[in-house]
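Taken together, the values in this text are just the output of simple stated rules run on the coordinates, not laboratory data. The structure presented is a predicted model; accordingly, all values stated were derived computationally and were not measured. Cβ: placed from backbone, ideal geometry, glycine included. Neighbour counts: every protein chain shown.
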Amino acid sequence: MEAGDRIGTDLVLAENGLQIWHIRLAPGETLPAHRHDRPYFWTVLTDGKARSRYGNGEVLDVVYQAGDTRYFPDLSSKAAFVHDLTNTGDAELVFVTAVLGGQA
């Protein structure tokens, strides 16, 4: 799975090693595959459903509720993952993602 460097649809802040991304996906829209190799967290702002396909072949379908948050504290260049994200629901799916800790 080829990975890009865009963690979201819009980079809204990049300062002192911190990146804040917005992800806005219309129904059926896909955020292309990207690599997570630094600690980060996301919070979903809308209810919805999505499917992620991972670089290791795993496929995961998730139902989100507004306010769901997940933190990935142990990522590094040696402990990373690649995935995409497709909105499989019938409404816009919106996340805020914060990438922490400087360069990978």
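Ranked for footprinting exposure by Cβ neighbours inside 10 Å, fewest first, V59, V99 give V59, V99. Counted over the chain, the DSSP beta bridges are approximately 95% antiparallel. Averaging 1/r across all pairs of distinct Cα atoms in the chain and inverting the result yields a Kirkwood radius of 13.8 Å.
The Cα atoms of the stretch 1-47 cover 34, 28, 16 Å along the three principal axes, with the biggest extent listed first.
Largest GNM mean-square fluctuation among V82, V62, V94, using the chain with Cα springs under 10 Å: V62. Scanning residues 5 or more positions from F81 or on other chains, those with amide H under 5 Å from its amide H are H36, with H placed 1.01 Å from N in the peptide plane. Taken one residue at a time, the phi angles of the stretch 42-57 give Karplus couplings (6.51, -1.76, 1.60, θ = phi - 60°) of 10, 10, 8, 9, 9, 6, x, 9, 8, 10, 10, 10, 9, x, 8, x Hz. Gly and Pro are set to x.
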